[in-house]
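Have a look at the structure below before the remarks.
The values are calculated or read from the model by the stated rules, or taken from the named source; none is laboratory data. Because the structure is predicted, anything quoted here is derived from the model rather than measured. Cβ atoms come from the backbone with ideal geometry, glycine included; neighbour counts cover every protein chain shown.
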Amino acid sequence: MFNKILVVCLGNICRSPTAKFLLQQALPEKHIDSAGITAMVRDGKAWDMDAKARETAKAKGHEFGEHAAQQLTRDLINAHDLILVMENEHRQYIGKRYPEAMAKTMLLGQWLTDDGKGKDIPDPFKRSNEVYDHVFDLIEKSCNQWKTKL
C-alpha cells in the first residue's frame, strides 16, 4: 500500500535524512526518499547530511550512506504514497502548497503519543550534542513504530 515514502523536514540535512536512512534499514523493500521545505543548497550545490547528525548516528551504531539535500517539489509529492513530516507546521505548509497531498501526509512522530495527535520532532541544527541525541532517539523510536504499521 505505502511502497514509496517521502520524509520531509526543513533543510533536509538533519532529521529527514536520519529518518530516511533508518527507515531504509528497517524497511528495505520500500522506496524511501527525503526532501526539505527549504533544502540546504549553496552556490548550486546540495549540502550533505549535517556532520553532527551523522556523528550522532554513528555513535549509536548506524552508518549512513551518501546524501544530497533536495528541495520538496510537487513532483516528489506526487511520486510518493506517504509523506512523513517532522512537525505539524510542515504538514500545514504541505496542505497549503500541495492540498492534494494532505490526506497522505502524517507526522513521523504520529505514534509517540497515545492521544492520536502525534509529537513534533524538533530541529537539532546548530544545537547541543544532547539535543542531537534526543532528536535521534525520537526519530529512531518513530521509525521503529512506523515499521510495525507499514
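See the values below:
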| item | result |
| --- | --- |
| Residues satisfying the stated conditions in the stretch 35-58, i.e. within 17 Å of Arg127 (Cβ to Cβ), touching a residue at least 40 places away in the same chain (Cβ under 8 Å) and either aliphatic (A, V, I, L, M) or buried (at least 19 other Cβ atoms within 10 Å of the Cβ) (or both) | Asp50, Ala53, Thr56, Ala57 |
| Enumeration of residues in the stretch 125-139 that are in contact with a Ser or Thr (Cβ under 8 Å, 6 or more places away or on another chain), over 16 Å from Val85 (Cβ atoms) and crowded, with 16+ Cβ neighbours inside 10 Å | Tyr132, Phe136 |
| Qualifying position, being exposed (fewer than 12 other Cβ atoms within 10 Å of the Cβ) and closer than 21 Å to Ile5 by Cβ, among Asp75, Asp81 | Asp75 |
| Subset of the stretch 36-56 (residues that are touching a Leu at 6+ places or on another chain (Cβ under 8 Å) and at pLDDT 90 or above) | Gly36, Ile37, Thr38 |
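Each row is one residue, and each column tells you yes or no for (1) assigned to a helix (DSSP H, G or I); (2) of a type outside the set (D, E, K, R); (3) within 14 Å of Ile13 (Cβ to Cβ); (4) under 14 Å from the mean Cα position of the chain (by Cα).
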residue	(1), (2), (3), (4)
Met49	no, yes, yes, yes
Glu63	no, no, no, no
Ile83	no, yes, no, yes
Asp115	no, no, no, no
Gly118	no, yes, no, no
Lys126	no, no, yes, no
Asp133	yes, no, no, no
